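The values are calculated or read from the model by the stated rules, or taken from the named source; none is laboratory data. Predicted model only: the values in this text are computed from it and were never measured. Backbone-built Cβ (ideal geometry, glycine too); neighbour counts: all protein chains shown.
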Amino acid sequence: MKKDQTRPVRFLLGDERRELSAIDPNTTVLTYLRRVERRVGTKEGCGEGDCGACTVVLAEPEGDRLRYRAVNSCIQFVGALDGKQLLTVEDLAGSDGMLHPCQQALVDCHGSQCGFCTPGFVMSLFALYQEAGTPNRNRIDDALAGNLCRCTGYGPIAAAAKAMKAAGQPDRFAHRAPQTIAALKALDDGAMPHLEANGHSYFAPRSVEQLAQLLTDHPSATILAGGTDVGLWVTKQLRQLGPIIWIGEVAELNRITVDDRWIEIGAAITYTDAMATVEAHYPDMADILRRLGSEQIRNAGTIGGNIANGSPIGDSPPPLIALGSRLVLRRGDRLRELALEDFFLDYGKQDRQPDEFVVAVKVPVAEPKRILRCYKISKRFDQDITASLGAFALTLADKEVEDIRICFGGMAPVPRRARQVEAALKGKEWIRENVEAACWVMSEDYAPITDMRASARYRLQVAQNLLRKFFIETTEPAARTRIVVERRAAHELA
Amino acid sequence: MNLHSAATAEPTTIRGGVHNTLAHDSAAKHATGAAIYVDDIPEPAGTLHAAPGLSARARARIKNIDLSNVRAAPGVVLVLTAADIPGTNDVSPIGAGDDPLFATEEVEFHGQVLFAVIAESHEAARRATRLAKIEYEELPALLTVDDALRTQSFVLPEHVMKRGDPVSAITHAPHRMKGQFRLGGQEHFYLEGQASLAVPMEDGDVLVHCSTQHPSEVQHNVAHVLGRPNNAVTVECRRMGGGFGGKETQGSQWAAIAALAAVKLKRPVKCRLDRDDDMIATGKRHDFRIDYEVGYDDQGRILGISFDHAARCGYSADLSGAIADRAMFHADNGYFFEAVQIRSRRCKTNTVSNTAFRGFGGPQGMLGIEEVMDAIARERGLDPLDVRRINLYGDAPRNVTPYHMQVEDNILPELITQIEESSAYRRRRQEITQWNRQNAYLKKGIALTPVKFGISFTTTHLNQAGALVHVYTDGSVHLNHGGTEMGQGLFIKVAQVVAEEFQIDLDQVKITPTNTGKVPNTSATAASSGSDMNGMAAQAAARKIKQRLTEFAAEKYKVTAEDIAFLPNRVRIGNQEVPFRDLVKQAYMGRVSLSATGYYRTPKIHYDRETASGRPFLYFAYGAAVSEVMIDTLTGEHTLLRVDILHDAGKSLNPAIDLGQVEGGFIQGMGWLTSEELWFDEQGRLRTHAPSTYKIPTCSDRPADFRMQLLENNPNREETIHRSKAVGEPPLMLAISAFRAISDAIASIANYRILPRLDAPATPERVLFAIEELQARMEAAE
């Protein structure tokens, strides 16, 4: 890549412009804040994006307004700040010391005890504050699911989330939005952001052509999307990555298109940005995306990354495979497409060449006859890694199974279809006896392992029970079958 | 001289006295990021960073350790091993000599510290630790309580408490049963990990900023390691980002590593643990196996009971003796046993050394008897609440504990009646039973459980505290005491006490970091004792100064002491009123000392461990909770729907702070008993060593309907600080109601006549298997 085609990473820290070019691209935003900027209000709690103590907010223009997203600074690299306004807990109070309404509400509601998680909560609350309307309990739970507090039991913090907008006034960030947007737009000249230090380089291509070329030039590069997995390679495995190619600024990968057959989700689309489309077609899958990670993770992580990293416990592949989704890959200027299930070859092994990249996943649009149900089993409802996740897509003709596709995560080295179970059901009448018979062959499809999330015995048992549950839900619509639905309904009233 | 006529409007109360609902003193600092924790202190020039090198085996002889690659790694300045210790290679809190700073010939758990890297950056230090070449000769490792019992491996001798003849009482009881119950440990998951910053001083002395509940112990341990007297080491702690018992003894090792390197290199050294290292290398709540045998009558009244506690202590003693003792002290919870024996065995295993955790064994002991209550209720076909009620402590002779202490302040019968009514327990019990008949797949459960928790360190000599109060010439006050702030609101409570004593506004009282140079020889901020003891000590210090001011004023104004009264921000002397600050200035000019220490030791308590009898507690704190849950019989998932709590904080010093302890304690206890699972693999490696795998509750796990109340008109019957009660630990045990409610929901499947075999934590897996096992027993019975 020629020097004149690149430029430094540029962003706003609060209202001040920053340019970075000679910083190691493995530097996380948290490390940058605490060591370079000496902003120590943002805390490290875990270094893996699971506790939220490091939460910061990124603002970027979306039309004539600013969009605010809470993210985990501990696993975001500095390059991802390009074109954005980075806001930390130090930015919120006015220069006169007047607390921001979300800070004041936390104080008034006794929302802090030890205070170490508080800056992270403040930033999640701040992002929530920028949304329209007063949040209900479920929205508050979702917005705060990625912030752990060990002291308060959350009640006072949730109360603050309800109370913070009582004054109902736009805050000073809203008043300053036109200037902020102008300042942000002035950062970009269309060139490619680039960092280089300690022998590690970083590129943020703007087009799919640039990306393809960079990968041809640097086939060993790490392709970085949301960083919610790759970030941990650095913070936990202590790896030093380079070159890093960030796809977050590739225009073509940041699109969702829907035609009469396919929903095409670009590889850089975050869970948050995919949510509305997915929800419109497959509400059950949207709930899986909601529970897959916290708000901070959903704001950064991508479905493309969830597929490409090939984890056996990634939550988006099972429903996508059950639906018959297809994956689009590109290498140089050659595109190819394959059934998503064929992409996962074995544990940690995917059908992707080093210089090849995921362009998009194509999901079939909803069909009236097809029922999709997804069930995620984990020790905790929110922000937990799956012990077992079952996705069931069923098409009935009268009472007969015309088509059924079942895919589980957490049950095999890769997300894998229950082909024996499917075969036992296909063409058969959709009745309890046949479902029970199919349960028996589940152990032919899966030989799960025992680990810290669940035992092999439980995984197999619960997989069978999830098939039973799916049958109950399709045949006894009035039956109450889901704790997660019950508790959200109860919280809706709270 | 300022003379104020009686006509002048003066405030009738100070701002921020005792019993006021006030925000945490640091609330605004927390919310703006201005509150400073150890890792936030501006690093002195040249600060280096330490990271520990951990054992990769649960038990092994070290055949060879090659650290040459570690030393050669980029940024590495020094590598410390046991050979570098000038003093004693031990950081045991009880001086047991079994907690080496660095392991030498043998490692005794996976994660034990073998060496420490000191480097230019935190990352460089961590990265270098992974380059060590260690040859292990593996030895058979004992991982579980059962392994230890089988091989008779203990860290301390067994201990027995006994009253009456339980064997005979059980034998002759109309009904008898035996059972076994297992409960898991718990990771503290303080949001701020262990952290120390050691700054070298002259003469080889060292100042250590440490996130610790026990600065004095850190001081003593650092001194031992350095081979220096205690006065060479100063430890300071402004606040912790959470403690929960996990920073009672567990801070010494990291403080000592930092101090050792700092003294050696004459450079500041920080040791802040990465979360995974913290979770692997520091102790947790003890998991227990509890075996019981009980005899009871038709109504479920216990006639005789015997408990056998086995606690997994890990590889060293740490505080396990006192913790296992406290489990025994709470094996009765709020219930009277006519005849009882409690045996406790302290198992040595090749796992991390378990340590203090909110409740300090009490929750484990209580969980045992609450299991028995349900077991009896199921067998008798009674509502578990009725069995609990009939067994409560009452009037003499039904008021003697297994350790021969008389319960003088029992309020549980009235407290339970109050919450039974306010929570509509009976009506909801019926509605739930009905609901369960109508729903095949989801089931609901409800349970009411009480808490009676003994307040005082059971190690009697620890029940002492000191404070230091200065009044400056402008009337502002500097407050210091031996207690530490970990979020529990101790500092503001003690400041309220001092403001109340001087009758000055709270903002005139400066809260200052705990420092071993100001108040020496302190006890840990633990056992819920913080405000009881430090509040009293600070009050005593303030009273000394008040006494001097009174004597001075009486002489100067020629009045008697009775004619002097401290009114809000002023002092009435005879028929005139003088602002507090003016009197202070006058006293200074009159050469009166305006600084005083205060000291407190808890009265009445004594305990003879030989005979396991005495009065280990000054008083008890009480509470009760009703939890309602829903379970999924196909997956074992569950959720908490509603919780009602009525808790006894005496005459609360600060109801907002105390309610925060109640709510937070409950949710923490709920996490322990439901989603938090410590999972060790067959090699003894903890595999749940980060928040990605170890799941504490999140916001949505809070019940939809949460009703909390402090018991009103209920001053402590003992002369505690303004008649308040300790509140740090007791509410955690209210969460036992959530666990029992899950058991109740499962029991509904068998018409409430069989006790489900459900161990803690009640993960979806355990719940599903309990359901299956119950169904199998029902089928077998048919």
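Does residue B:632 count as within 22 Å of the chain's Cα centre (by Cα), in the same structural domain as residue B:424 (by TED's automatic domain parsing) and of a type in the set (D, E, K, R)? Give the steps one after another, and end with the answer.
Values: within 22 Å of the chain's Cα centre (by Cα): no; in the same structural domain as residue B:424 (by TED's automatic domain parsing): yes; of a type in the set (D, E, K, R): yes.
So residue B:632 does not fit the description; no.
Considering only segment A:76-87, I want to know if a residue exists there that is out of contact with any Phe, Trp or Tyr (no Cβ under 9 Å at 6 or more places or on another chain), crowded, with 24+ Cβ neighbours inside 10 Å and either touching a residue at least 60 places away in the same chain (Cβ under 8 Å) or aromatic (Phe, Trp, Tyr) (or both). Let's see the steps before the verdict.
We begin by selecting, within segment A:76-87, every residue out of contact with any Phe, Trp or Tyr (no Cβ under 9 Å at 6 or more places or on another chain); these are A:76.
Now restrict to residues that are crowded, with 24+ Cβ neighbours inside 10 Å: A:76.
Subsequent filtering for residues that are either touching a residue at least 60 places away in the same chain (Cβ under 8 Å) or aromatic (Phe, Trp, Tyr) (or both) retains A:76.
Looking through segment A:76-87, at least one residue is out of contact with any Phe, Trp or Tyr (no Cβ under 9 Å at 6 or more places or on another chain), crowded, with 24+ Cβ neighbours inside 10 Å and either touching a residue at least 60 places away in the same chain (Cβ under 8 Å) or aromatic (Phe, Trp, Tyr) (or both).
When both residues are 6+ apart or on different chains and their Cβ atoms are under 7 Å apart, which pairs have a first residue that lies in segment B:578-606 and is within 17 Å of residue B:555 (Cα to Cα), and a second that is assigned to a strand (DSSP E or B)?
Here the result reads B:578/B:570; B:578/B:571; B:580/B:570; B:580/B:571; B:583/B:571; B:584/B:471; B:594/B:470; B:594/B:471, each pair linking segment B:578-606 to a residue that is assigned to a strand (DSSP E or B).
Within segment B:183-208, which residues are within 14 Å of another protein chain (Cβ to nearest Cβ) and more than 30 Å from residue B:736 (Cβ to Cβ)?
B:195, B:197
Residues are listed down the side, and each one gets a yes or a no for (1) in contact (Cβ under 8 Å) with a residue 60 or more places away in the chain; (2) within 23 Å of residue B:381 (Cβ to Cβ):
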| position | (1), (2) |
| --- | --- |
| B:736 | yes, yes |
| B:752 | yes, yes |
| B:758 | no, yes |
| B:762 | yes, no |
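Name, by its number, the condition in (1) within 18 Å of residue B:191 (Cβ to Cβ); (2) hydrophobic (A, V, I, L, M, F, W, C); (3) facing another protein chain (nearest Cβ under 7 Å); (4) not in a helix (DSSP H, G or I) that does not hold for residue A:75.
The number of the failed condition is (3).
Report whether or not residue B:140 is assigned to a loop (DSSP other than H, G, I, E, B) and surrounded by fewer than 17 Cβ atoms within 10 Å (Cβ to Cβ).
So residue B:140 passes the test.
Taking segment A:354-377 as the region of interest, how many residues are assigned to a loop (DSSP other than H, G, I, E, B) and in contact (Cβ under 8 Å) with a residue 40 or more places away in the chain? Walk me through how you get there before you give the answer.
Just the residues of segment A:354-377 that are assigned to a loop (DSSP other than H, G, I, E, B), to begin with: A:354-355, A:365-369.
Now drop any that are not in contact (Cβ under 8 Å) with a residue 40 or more places away in the chain, which leaves A:354-355, A:365-366.
Count: 4.
Residue B:283: touching a Lys or Arg at 6+ places or on another chain (Cβ under 6 Å) and assigned to a loop (DSSP other than H, G, I, E, B), yes or no? Outline the logic, then answer.
On the way: touching a Lys or Arg at 6+ places or on another chain (Cβ under 6 Å): no; assigned to a loop (DSSP other than H, G, I, E, B): yes.
Spelling it out, it is not the case that residue B:283 is touching a Lys or Arg at 6+ places or on another chain (Cβ under 6 Å) and assigned to a loop (DSSP other than H, G, I, E, B).
Pairs please, first residue from segment B:237-253 and surrounded by fewer than 24 Cβ atoms within 10 Å (Cβ to Cβ), second anywhere and among the small types (Gly, Ala, Ser), Cβ atoms under 9 Å, 6+ apart in sequence or on different chains.
Within 9 Å, the pairs are B:238/B:35.
Which one of the conditions (1) more than 14 Å from chain B (Cβ to nearest Cβ); (2) under 22 Å from residue A:173 (Cβ atoms) does residue A:21 fail to meet, given that it meets all the rest?
For residue A:21, the exception is condition (2).
Suppose we filter segment A:308-350 for residues that are within 23 Å of residue A:279 (Cα to Cα), touching a residue at least 24 places away in the same chain (Cβ under 8 Å) and out of contact with any Ser or Thr (no Cβ under 7 Å at 6 or more places or on another chain); how many remain? First the steps, then the outcome.
So in segment A:308-350, the residues within 23 Å of residue A:279 (Cα to Cα) come out as A:308, A:313-328, A:339-341.
With the extra rule that they be touching a residue at least 24 places away in the same chain (Cβ under 8 Å), the set shrinks to A:308, A:313-328, A:340-341.
Now drop any that are not out of contact with any Ser or Thr (no Cβ under 7 Å at 6 or more places or on another chain), which leaves A:308, A:314, A:316-328, A:341.
Count: 16.
Specify which of the listed residues (B:331, B:311, B:327) is in contact with a strand residue (DSSP E or B) (Cβ under 7 Å, 6 or more places away or on another chain), without any contact (Cβ under 8 Å) to a residue 60 or more places away in the chain and of a type in the set (A, V, I, L, M, F, W, C).
Answer to the check: B:327.
Does residue B:149 satisfy being among the hydrophobic types (A, V, I, L, M, F, W, C), in contact with a strand residue (DSSP E or B) (Cβ under 8 Å, 6 or more places away or on another chain), in contact (Cβ under 8 Å) with a residue 40 or more places away in the chain and more than 28 Å from residue B:78 (Cα to Cα)? Steps first, answer last, please.
Numbers: among the hydrophobic types (A, V, I, L, M, F, W, C): yes; in contact with a strand residue (DSSP E or B) (Cβ under 8 Å, 6 or more places away or on another chain): yes; in contact (Cβ under 8 Å) with a residue 40 or more places away in the chain: yes; more than 28 Å from residue B:78 (Cα to Cα): yes.
Judged against the criteria, residue B:149 is a match.
Within segment B:696-705, does at least one residue satisfy the condition of being more than 30 Å from residue B:529 (Cα to Cα), modelled with pLDDT under 95 and within 9 Å of chain A (Cβ to nearest Cβ)? First the steps, then the outcome.
First pass over segment B:696-705, keeping only residues more than 30 Å from residue B:529 (Cα to Cα): B:700, B:704-705.
Still in the list and also modelled with pLDDT under 95: B:704.
So of that shortlist, the ones also within 9 Å of chain A (Cβ to nearest Cβ) come out as B:704.
Yes, that holds for at least one residue.
Return yes when residue B:522 is in the same structural domain as residue B:492 (by TED's automatic domain parsing), surrounded by 16 or more Cβ atoms within 10 Å (Cβ to Cβ), within 30 Å of residue B:240 (Cα to Cα) and in contact with a Gly (Cβ under 7 Å, 6 or more places away or on another chain) and no when it is not.
Values: in the same structural domain as residue B:492 (by TED's automatic domain parsing): yes; surrounded by 16 or more Cβ atoms within 10 Å (Cβ to Cβ): yes; within 30 Å of residue B:240 (Cα to Cα): yes; in contact with a Gly (Cβ under 7 Å, 6 or more places away or on another chain): yes.
It is true that residue B:522 is in the same structural domain as residue B:492 (by TED's automatic domain parsing), surrounded by 16 or more Cβ atoms within 10 Å (Cβ to Cβ), within 30 Å of residue B:240 (Cα to Cα) and in contact with a Gly (Cβ under 7 Å, 6 or more places away or on another chain).
Any residue at all in segment B:644-664 that is more than 7 Å from every other protein chain (Cβ to nearest Cβ), in contact with a Ser or Thr (Cβ under 7 Å, 6 or more places away or on another chain) and part of a helix (DSSP H, G or I)?
Scanning segment B:644-664, I find at least one residue that is more than 7 Å from every other protein chain (Cβ to nearest Cβ), in contact with a Ser or Thr (Cβ under 7 Å, 6 or more places away or on another chain) and part of a helix (DSSP H, G or I), so the answer is yes.
Yes/no per residue for (1) at the interface with chain A (Cβ under 10 Å from one of its Cβ atoms); (2) surrounded by fewer than 24 Cβ atoms within 10 Å (Cβ to Cβ); (3) over 30 Å from residue B:163 (Cα atoms):
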| position | (1), (2), (3) |
| --- | --- |
| B:597 | no, yes, yes |
| B:604 | no, yes, no |
| B:613 | no, yes, no |
| B:627 | no, no, yes |
| B:640 | yes, no, yes |
| B:676 | yes, no, yes |
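Among the candidates B:261, B:322, B:311, B:317, which residue alone is at negative phi and either part of a strand (DSSP E or B) or touching a helix residue (DSSP H, G or I) at 6+ places or on another chain (Cβ under 8 Å) (or both)? Show your work before the answer.
Details: B:261 fails: either part of a strand (DSSP E or B) or touching a helix residue (DSSP H, G or I) at 6+ places or on another chain (Cβ under 8 Å) (or both); B:322 fails: either part of a strand (DSSP E or B) or touching a helix residue (DSSP H, G or I) at 6+ places or on another chain (Cβ under 8 Å) (or both); B:317 fails: either part of a strand (DSSP E or B) or touching a helix residue (DSSP H, G or I) at 6+ places or on another chain (Cβ under 8 Å) (or both).
When all the criteria are applied, what remains is B:311.
So which of B:148, B:125, B:116, B:83 ends up being assigned to a helix (DSSP H, G or I), closer than 26 Å to residue B:215 by Cβ and modelled with pLDDT of 95 or more? Can you show your working first?
Details: B:148 fails: closer than 26 Å to residue B:215 by Cβ; B:116 fails: assigned to a helix (DSSP H, G or I); B:83 fails: closer than 26 Å to residue B:215 by Cβ.
Selected residue: B:125, the only one of B:148, B:125, B:116, B:83 that is assigned to a helix (DSSP H, G or I), closer than 26 Å to residue B:215 by Cβ and modelled with pLDDT of 95 or more.
Of these, B:303, B:273, which one is within 24 Å of residue B:524 (Cα to Cα) and of a type outside the set (Ser, Thr, Tyr)?
Values: B:303 fails: within 24 Å of residue B:524 (Cα to Cα).
B:273 is the lone residue from the list that is within 24 Å of residue B:524 (Cα to Cα) and of a type outside the set (Ser, Thr, Tyr).
For segment B:46-72, which residues satisfy the criterion of being closer than 16 Å to residue B:114 by Cβ and assigned to a loop (DSSP other than H, G, I, E, B)? Spell out the reasoning first.
Kept after step one, since they are closer than 16 Å to residue B:114 by Cβ, are these residues of segment B:46-72: B:50-71.
Listed by number, the residues that qualify are B:55, B:56, B:57, B:58, B:59, B:67.
Just checking, does segment A:29-50 include any residue being more than 14 Å from every other protein chain (Cβ to nearest Cβ), over 24 Å from residue B:36 (Cα atoms) and buried (at least 17 other Cβ atoms within 10 Å of the Cβ)?
Of segment A:29-50, the ones more than 14 Å from every other protein chain (Cβ to nearest Cβ) are A:29.
Okay, now just the ones that are also over 24 Å from residue B:36 (Cα atoms), so none.
Checking segment A:29-50: not a single residue is more than 14 Å from every other protein chain (Cβ to nearest Cβ), over 24 Å from residue B:36 (Cα atoms) and buried (at least 17 other Cβ atoms within 10 Å of the Cβ).
What pairs come out if I take residues in segment B:24-39 that are more than 7 Å from chain A (Cβ to nearest Cβ) and pair them with residues that are among the hydrophobic types (A, V, I, L, M, F, W, C) and assigned to a helix (DSSP H, G or I) whose C-beta lies under 7 Å away, six or more apart or interchain?
B:25/B:491; B:25/B:492; B:25/B:495
If you take the residues of segment B:730-782 that are basic (Lys, Arg), touching a helix residue (DSSP H, G or I) at 6+ places or on another chain (Cβ under 8 Å) and assigned to a helix (DSSP H, G or I), which of them is surrounded by the most Cβ atoms within 10 Å (Cβ to Cβ)? It would help to see each step written out before you state the result.
Step one: of segment B:730-782, the residues basic (Lys, Arg) are B:740, B:753, B:757, B:766, B:777.
Keeping just the survivors that are touching a helix residue (DSSP H, G or I) at 6+ places or on another chain (Cβ under 8 Å) gives B:740, B:753, B:757, B:777.
Within this subset, residues satisfying the condition of being assigned to a helix (DSSP H, G or I) are B:740, B:777.
Values: B:740: 28, B:777: 14.
So, considering only residues that are basic (Lys, Arg), touching a helix residue (DSSP H, G or I) at 6+ places or on another chain (Cβ under 8 Å) and assigned to a helix (DSSP H, G or I), the one surrounded by the most Cβ atoms within 10 Å (Cβ to Cβ) is B:740.
Would you point out which residue out of A:468, A:416, A:432 is touching a Leu at 6+ places or on another chain (Cβ under 9 Å), of a type outside the set (S, T, N, Q) and farther than 27 Å from residue B:678 by Cα?
Exactly one of A:468, A:416, A:432 is touching a Leu at 6+ places or on another chain (Cβ under 9 Å), of a type outside the set (S, T, N, Q) and farther than 27 Å from residue B:678 by Cα, namely A:468.
Scan segment B:56-80 for residues that are touching a Gly at 6+ places or on another chain (Cβ under 9 Å) and without any contact (Cβ under 8 Å) to a residue 60 or more places away in the chain and jot them down.
Scanning segment B:56-80 gives a single hit, B:79.
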